Amino acid sequence: MNGLSLRELSYVVAVADTGSFTRAAQHCHVSQPTLSSQIRKLEEYLAIQIFERAPRAVRLTQAGEDLIPLARTILEAATAIRERAHGHQEPLSGRLHLGVIPTLGPYLIPRFVPGMQEQYPNLKLVIREDLTENLIRALQAHELDAILAALPVRLPDLALLPLFEEPFWLLAPPGHPLTTCRFITEKKLLEAPLLLLAEGHCLRDQALALCHKRPNSTQLQTDFQASSLETLKQMVVAGFGCTLIPALALDPNDALHGRLVARQMGLPGSVRRVALMWRRSHLRGTDMQLLGRFIQHALPTESVTCL
């Protein structure tokens, strides 16, 4: 391994991630000449060109594209070795970067993180909230260790641990005709002005699929698209229409104070399945299984069904 160092690999990955030698040097806290010379040294040792260098652009060559995934795996393994050497042999310890989708994070994280901090005091959870597509990209780029997202996600390089399924509920303002229904049928749902999240949220696609509506349906309130479930709730309170939300997002205080009325869905498949996902190559697969089981134990079984 003479001539190949973890530092050089980290420099290469930083340039690939930032698309710039200058930004990569700042990220790695070294001067740009130092970073550039170390990458040149690695290229000479491997007898390949990793980057195409232009005055205003840096691009990976094909050899560089092939190298980056291996470099990420090596750096990840080195981190695992370093943590064990520092005494982190116990399960769920050290730093763990966890991604979570916005329609899940505010309702799930408070249920398991406090107990996890108490039971695993040496675990440092770093949580990132983002859309599913962005989280998967970050997971594959080794920026995250695992993500919590809704199924289906079909990628061969990801391991999946299904955690739970939660039913969808319809929220309507008091006095809305649908509040007289005990269960919401597809026919009733098709007649309702439906508020949805903005494009890019998987929950929007799930709601459309559930009621078989097209994105240009006249019953969709396209003038009002929210980026969070809490905003959707306030729009329903204001009388703009109805919306669908998963069970964990239900707030009993809304019904108690007469702001919203929740009705169960009478449609088959009106649930979403949530899973913990990580790279199959990740060295902490056992920790991921343990994390998933811990989350399941923290769930309200009266609202969701563990898988």
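Per the 1.4 Å probe, what fraction of the accessible area of the stretch 18-169, in percent, lies on carbon and sulfur atoms?
53 percent
Using heavy atoms of the protein chains and a probe of 1.4 Å, the accessible area assigned to TYR107 is about 30 Å². Modelled label positions at GLN234 and ARG137, each set 7 Å beyond Cα in the direction of Cβ, lie 2.8 nm from each other. Going through (1) 149; (2) 170; (3) 116, the figure that equals volume of the Cα convex hull per residue in Å³ as computed for the structure here is (2).
Defining a contact as two alpha carbons under 8 Å apart and six or more residues distant in sequence, what relative contact order in percent does the chain show? Intermediate results must be reported in sequence, preceding the final value.
Numbers: 459 pairs, mean separation 65.3, N = 307.
Reported as a whole number, the value is 21 percent.
Membrane-span-like helices in the chain (whole DSSP H runs, Cα extent of at least 24 Å along the helix axis, mean Kyte-Doolittle hydropathy of at least 1.0): none found.
How large is the convex hull of the Cα atoms of the stretch 39-120 per residue, expressed in Å³ as a whole number?
On the way: hull volume 13.7 nm³, N = 82.
Residue-normalised Cα hull volume stands at 167 Å³.
Net charge near PRO300: determine it from the other residues with C-beta under 14 Å of the C-beta of PRO300, scoring Lys and Arg +1 and Asp and Glu -1. Don't jump to the answer; show the numbers that get you there.
Working: positive: ARG111; negative: GLU165, GLU166, ASP251, GLU302.
Net charge around PRO300: -3.
Rolling a 1.4 angstrom probe over the protein heavy atoms with all chains in place gives the stretch 105-188 an accessible area of 51 Å² per residue.
In the stretch 95-140, the alpha-carbon atoms span a convex hull of 59 Å³ per residue.
For the peptides 44-57, 232-245, residues were scored by their other Cβ atoms within 10 Å and the scores averaged per peptide; the highest-first order is 232-245, 44-57.
If you stretched the chain out fully between GLN119 and SER5, how much longer would it get, using 0.36 nm times the residue separation minus the C-alpha to C-alpha distance?
Details: separation 114, 0.36 × 114 = 41.04 nm, distance 3.68 nm.
Stretched out fully, the GLN119 to SER5 stretch lengthens by 37.4 nm.
Under 5 Å between amide hydrogens, built in the peptide plane, is the criterion, and for SER303 it picks out nothing among residues at least 5 positions away or on other chains.
Okay, helix-only estimate at 222 nm for the chain: each DSSP H run of n ≥ 4 adds -39500 (n - 2.57), divide by all residues, round to 500 deg cm²/dmol; what do you get? Numbers along the way, then the final one.
On the way: 11 runs with 127 residues, N = 307.
About -12500 deg cm²/dmol.
Across ASN134, ASN122, ASN253, mean-square fluctuation computed from a Gaussian network of the chain (C-alpha pairs under 10 Å connected) peaks at ASN253.
The values are calculated or read from the model by the stated rules, or taken from the named source; none is laboratory data. Note that the structure is a prediction, hence the values are computed from the model and not measured. Note that each Cβ is placed from the backbone with ideal geometry, even for glycine, and that neighbours are counted across all protein chains shown. To get the accessible areas, we keep the full protein, side chains included, count just its heavy atoms, and leave off ligands, DNA and RNA. Shrake-Rupley method; radii C 1.70, N 1.55, O 1.52, S 1.80 Å.
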